[in-house]
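A.B. asks: Encoded as structure tokens, here's the structure I'll be asking about.
The values are calculated or read from the model by the stated rules, or taken from the named source; none is laboratory data. Not measured: the values here are computed from a predicted model. For neighbour counting, all protein chains shown are included, and Cβ atoms are generated from backbone atoms with ideal geometry for every residue, glycine included. What goes into the accessible areas is simple: the full protein's heavy atoms, side chains included, and nothing from ligands, DNA or RNA. Shrake-Rupley method; radii C 1.70, N 1.55, O 1.52, S 1.80 Å.
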Amino acid sequence: MRRSSTRSLVGATAALLLILAVAAAAPAVTAKTSSSAAGHPCLVMTGSGDPAFVKNFNPYAGGGLPSNSIAQGAFYEPLIATSAGAVHTVPWLARSWKWTNANKTLTLQIAPNAKWSDGKPLTVADVVYSLTAGRQSPVMDRIGIAAPGNNIASIKVQGAHAVVIKLKTSDSQFIPAVLNRAFVVPKHVWSKVKDPATFTNSNPVGSGPFNVIKRFTTQDYVLSKNPHYWQAGLPKIGCLEYQQAASNDAALALIQSGQVDWTHNFVPNVEKAYEAKDPAHYHGFFSNRDYPISLVFDDTQYPYSLTAFRKAVSQAIDRTSVWKLGEYGYETPADGVGLSGLFPTWVTDKSVKALAKSVTTYNPAAAKKTLTDAGFTYKGSQLLDPKGNGVKLDIHVISGWSDWVASNQIITKNLQAIGIDSNVRLEASWGDWFPNAFSTKNPTLLWQVGSRGSPYAYFYSNLSQNAFIPSGTDATPTGNWEHFANAKATTILNQWKGTLDVKKQKVYATQLEKIFLEQLPIIPVVIGARWSTYSTKYFHCFPTQNNFYADPIFTTNPDNILLFTTICPGGKTGK
């Protein structure tokens, strides 16, 4: 859900200088197994700009802490893992499933041999509890069971190893867009927790592949392999180690020196800065299979609430400069819909494609006309809203997120050019930034938290009344950062999930795309990059362009459990 650890934390000045550097391609390498002995007993990972580590393994809450994100995958397991872009749907704790009753009843067969780390069996009662835990606390609601528009009629145990989920209506998107977000926790532990939102879970009881906290300090921690893991032969590696890096410079030094095997930071000129240091083993894989990074503000606040204003802002942004300069060529311009990275084949209508292009084509003159046609005026070069007030749009960003600082400097200059008083507002740290960002009290760039298993989730987050999060409230549960909903879109979304016919689903997708472009609730800017910088000196089997078995970022759920159980020990030259 959270991407807090995936952004780079570098000094803004250094990044802007690096943007001017000339890329140097690393020599090509032929993949072959090397004879080098494994020098790292643990797969060593690092983020960038992480705070001093706190022993908080709460999978539901934790403010984006790396331990919180890794808890899902290392300790707590999904029922079914649908990887990014629905590339793979992998049975996990649910070993199989079956739809009946006109696709309104889903029966899950739960692994009979799974156990918790305290020795107790993982049972169907744990699964039912985990799926319905939203009734105990909103922070535990992974499937929207407490939401007023939820489609779940009941969740019950059937025999010793089956769980039956009955829906009110057929829902073709239930597995990729809803169940994909669920994980299973032990009922005998969590049912006794008074406040799941603040519980630190410092001694977690889990069923996952790494369930032993071998070491924990403020600067690093080690999670050891579950010796009694229910899936024979997994995980393939003995332990995970997460090291703190105070900045991107520190993280880069760690991976360059080989002290760290894997990170997921923005690295300008990765070919020269990293790969060239050891072409046989050092690799950068920056995938663009993602939703867009978008400019987001609270759509309930005037003048952001005016559709014409949002469209004009979109027309004013020079996405090519953001892509080539701010994002160093790694995050390509987004189209107006925002699906071009993860689900490009779902945008098929020619009129939609044309409109999607028009709202994202850099055209300051058109942006000014859009504004004046909607009642905005100019006092000299200053833009006034229809009420006669000067328009201000400051964009907030963490000072160390160098690519976003650079991108926002481009965007604010673009907005200044059409008369908007706009500046980059730097926040000192994640803790200073995210409370106001996630509730959109401050305009900012944000990513999507909708499931990557289906494009339905993207439209659900941004258009559905059932996903709507009130103004001023943290929108993490649904990703409705902009506090926007559309009644017509909600009806179409319900029709979409009611059919298994992909052709009909694409018809509904086209209808939603038109509504999205008409309203433009968020402003897609660039397609997010899934950063992965990794060494094959001691481990291999990382995701690559040719073997994209999961999102390469180790804090992405549920993909990270596929990563943690697929990566192999042993050195290898080449990717």
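A.B. asks: Take the residues in the stretch 301-314 that are touching a residue at least 24 places away in the same chain (Cβ under 8 Å) and open to solvent by 10 Å² or more (accessible area, probe 1.4 Å); name whichever of them is nearest to A417 (Cα to Cα).
C.D. replies: Top of the filtered list is K311.
A.B. asks: What are the residues in the stretch 120-164 that are surrounded by fewer than 15 Cβ atoms within 10 Å (Cβ to Cβ) and either of a type in the set (V, I, T) or under 26 Å from S464 (Cα atoms) (or both), if any?
C.D. replies: Those that are surrounded by fewer than 15 Cβ atoms within 10 Å (Cβ to Cβ) and either of a type in the set (V, I, T) or under 26 Å from S464 (Cα atoms) (or both): R135, P138, P148, G149, A153, S154.
A.B. asks: Has the stretch 538-555 got at least one residue that is within 30 Å of D299 (Cα to Cα) and in a loop (DSSP other than H, G, I, E, B)?
C.D. replies: Yes, because at least one residue in the stretch 538-555 is within 30 Å of D299 (Cα to Cα) and in a loop (DSSP other than H, G, I, E, B).
A.B. asks: For the stretch 230-242, give me each residue that is crowded, with 21+ Cβ neighbours inside 10 Å and part of a loop (DSSP other than H, G, I, E, B).
C.D. replies: Of everything in the stretch 230-242, those that are crowded, with 21+ Cβ neighbours inside 10 Å and part of a loop (DSSP other than H, G, I, E, B) turn out to be P235, I237.
A.B. asks: Identify, please: which residue in the stretch 243-269 is buried (at least 24 other Cβ atoms within 10 Å of the Cβ) and in a helix (DSSP H, G or I) and is, among those, modelled with the lowest pLDDT?
C.D. replies: Top of the filtered list is N248.
A.B. asks: Could you give every pair whose Cβ atoms fall below 6 Å, whose first residue belongs to the stretch 483-501 and is under 16 Å from Y458 (Cβ atoms), and whose second residue is open to solvent by 40 Å² or more (accessible area, probe 1.4 Å), counting only separations of at least 6 or pairs across chains?
C.D. replies: As it stands, the answer is A485/Q465; A485/F468; T490/Q465; I492/Y508; I492/Q511; L493/Y460; W496/Y508, since those pairs meet every condition given.
A.B. asks: Looking only at the stretch 73-91, count how many residues are open to solvent by 10 Å² or more (accessible area, probe 1.4 Å) and either modelled with pLDDT under 95 or assigned to a loop (DSSP other than H, G, I, E, B) (or both).
C.D. replies: The number of residues fulfilling the criteria is 6.
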